[in-house]
Amino acid sequence: MAEPVRYPRRLIEVDLPIRRISAHSRREKSIRHGHISTLHIWWARRPLAACRAVVCASLWPDPADDLCPASFRQAAREQMNKWARGRLSPLSPESYARFDAAAKDAKHFDDDVELRKALLDFIADFANWDNSTIPEYLETSRALTQAAHEALGGAHGTKPLVVDPFAGGGSIPLEALRIGADAFASDLNPVAVLLNKVVLEYIPRYGERLAEEVREWGRFIRRETEKELSDLYPSAEKGEQVIAYLWARTIRCEGPGCGAEVPLVRSPWLAKKSDRGIALQLVPRPRTKRVDLKILRRRGGTWFDQDDEKSLVPKPSLAGTVQRGSATCPCCGYSTPVGRVREQLKARRGGAADARLLCVVSTRDGETGRHYRLATEADHAAVRRAEKRLAALLNRTAVGDLPPVPDEPLDVRGIRHTWAMIYGLSRWCDFFTPRQALLLATFAKHLNRQGQAESNAEIPDFGMAIQSCLALALGRQADALSSCVTWTPGGEFQGHTFARQALPFVWDFAEVNP
């Protein structure tokens, strides 16, 4: 009987600097610029740092193993000695001591165990996001990958193949390409397939040319959209740039004899600092069954009307109308229970389409900071125009065409959608106000024009690459320009993505001006 083929252990079977790799993976969550996570939301994205380390350690054999090919040991010594002799500065403090010892002793890495530890130190440092594009790290990782492949029987000039049949967001195949391997990625989810096609095919193939074309077409789409919809985002005065509209879903108070419209507001604060602040005051009007609004400012311990700094007012109540899902009416004090709040919003498909405009946030030329004002008639008229245009757009859609606003039902089996559905958001279009839906539909229309313009290009696939990147950008806009974006008392936006739907607790929301 023939003896079974025996292979050397890989580094991942021996040891891994888990603590250092985990630290780089945690830090990666706060990195946005240049990271593939900014392309599109993916629910189970693996950290690139961990994937980079695991792929390296899976492909490289342990030099201290008796079965490790001598050719790989030699290649590993050469590469590690390069770092000891001239590349000490990029190394982390944890790795520096070992490589500094090798710089003083040319035979330091003749010890196979020390060579193994040097490779593990290199992997730990390479897992750092800041080192992922440094040429020296890339050169070393690719040289070691190729040396391991050929030493273990791979044909000269070929590359090892990393197969990921459940690729998801593409972290593993991307890191395989980074270190010089070939990658095969597949997934049942079409979003994952598109992400992998962009990350693994289009970007490596077209590089900076693709980036420039995407920027140019993005500028074109924005210009055309601004021309078409500029009247839907009016400014109250010259030099004002509106950046957000703050809304609140509403219900009808079910208290005896009341029936007032109650804005569902978590907190009246618009901006809050230790020595100053801006807040909305809810002014009940029982006779008209309505709650009016005022904007108050605080300076030190003094409150005054924003429109009249000489008009001092008593300290306002800073409680919202919503607590644990129930809604308290400012007019009569009755608290509508959470079950009835849900029923009212469910009857109106979540209440985003008929929400109340509370406040407009803007910046002004020559002035610092944000400014807050109540909505004017021009603001309300713009909202009504948007509703009419969206209705006309939906009526013009030909039978059989995809609707300009996605009306697919939410999947009742999706646990991430459950909370939204009990408040009446049963279709994806329910997440948007009419103006938001019209804006996204207009973006999509001009994006399709890009596809038609590029269909006869010299490289047809290049046009598809541009359109795919723009489509992903539109997906990010749909996430940001929805009724799940909130405004904190600190004056910042907080997006609640479709992946972690928190809408039931986001009563008041921000409509971002693109």
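The values are calculated or read from the model by the stated rules, or taken from the named source; none is laboratory data. Nothing here was measured: the structure is a model prediction, and the numbers come from that model. Using ideal geometry, Cβ is built from the backbone for each residue, glycine included, and neighbour counts are taken over all protein chains shown. Side chains included, ligands, DNA and RNA excluded: accessible areas come from the protein's heavy atoms. Shrake-Rupley method; radii C 1.70, N 1.55, O 1.52, S 1.80 Å.
Residues in the stretch 85-107 that are of a type in the set (Gly, Ala, Ser), within 17 Å of Ile134 (Cβ to Cβ) and either part of a helix (DSSP H, G or I) or open to solvent by 40 Å² or more (accessible area, probe 1.4 Å) (or both): Gly86, Ser89, Ser95. Across the stretch 21-36, the qualifying residues are those that are open to solvent by 40 Å² or more (accessible area, probe 1.4 Å), part of a loop (DSSP other than H, G, I, E, B) and at pLDDT 85 or above, and the one among them that is farthest from Leu188 (Cα to Cα) is Ser30.
Looking at the stretch 271-290, can you tell me whether even one residue there is open to solvent by less than 30 Å² (accessible area, probe 1.4 Å) and either among the aromatic types (Phe, Trp, Tyr) or in a loop (DSSP other than H, G, I, E, B) (or both)? No, that holds for no residue.
Give the residues of the stretch 37-74 that are open to solvent by less than 20 Å² (accessible area, probe 1.4 Å) and not in a loop (DSSP other than H, G, I, E, B), sorted by residue number. Listed by number, the residues that qualify are Leu48, Ala49, Cys51, Arg52, Ala53, Val55, Cys56, Ala57, Pro61, Phe72.
Determine whether the stretch 41-64 contains at least one residue that is over 30 Å from Arg476 (Cβ atoms) and more than 39 Å from the chain's Cα centre (by Cα). Yes; the residues of the stretch 41-64 include at least one that is over 30 Å from Arg476 (Cβ atoms) and more than 39 Å from the chain's Cα centre (by Cα). The residue that is modelled with the lowest pLDDT, among those in the stretch 312-332 that are surrounded by fewer than 17 Cβ atoms within 10 Å (Cβ to Cβ) and among the hydroxyl-bearing types (Ser, Thr, Tyr), is Ser317. Restricting the stretch 228-242 to residues that are closer than 19 Å to Ala437 by Cβ and out of contact with any helix residue (DSSP H, G or I) (no Cβ under 8 Å at 6 or more places or on another chain) leaves a set whose member that is most open to solvent (accessible area, probe 1.4 Å) is Ser230. Of the residues screened, Val163 is not one that is farther than 18 Å from Asp461 by Cβ, open to solvent by 30 Å² or more (accessible area, probe 1.4 Å) and in contact (Cβ under 8 Å) with a residue 40 or more places away in the chain. Cβ-Cβ contacts under 6 Å between residues 6 or more apart (or on different chains), taken from a first residue in the stretch 307-323 that is under 16 Å from Tyr334 (Cβ atoms) to a second residue that is modelled with pLDDT of 80 or more and among the basic types (Lys, Arg), are listed as Gly320/Arg266; Val322/Arg266.
Report yes if some residue within the stretch 133-152 is touching a Gly at 6+ places or on another chain (Cβ under 9 Å), β-branched (Val, Ile, Thr), at pLDDT below 95 and part of a loop (DSSP other than H, G, I, E, B); otherwise report no. Within the stretch 133-152 (the criterion being touching a Gly at 6+ places or on another chain (Cβ under 9 Å), β-branched (Val, Ile, Thr), at pLDDT below 95 and part of a loop (DSSP other than H, G, I, E, B)), the answer is yes, since at least one residue qualifies. Scanning the stretch 2-17 for residues that are open to solvent by 100 Å² or more (accessible area, probe 1.4 Å) and touching a helix residue (DSSP H, G or I) at 6+ places or on another chain (Cβ under 9 Å) yields one hit, Glu13. For Gly255, state whether it is surrounded by 17 or more Cβ atoms within 10 Å (Cβ to Cβ) and over 18 Å from Ala319 (Cα atoms). Here the answer is yes, as Gly255 does meet what is asked. If you go through the stretch 291-306 and keep only what is of a type outside the set (S, T, N, Q) and surrounded by 11 or more Cβ atoms within 10 Å (Cβ to Cβ), you end up with Val291, Asp292, Leu293, Lys294, Ile295, Leu296, Arg297, Arg298, Arg299, Trp303, Phe304, Asp305.
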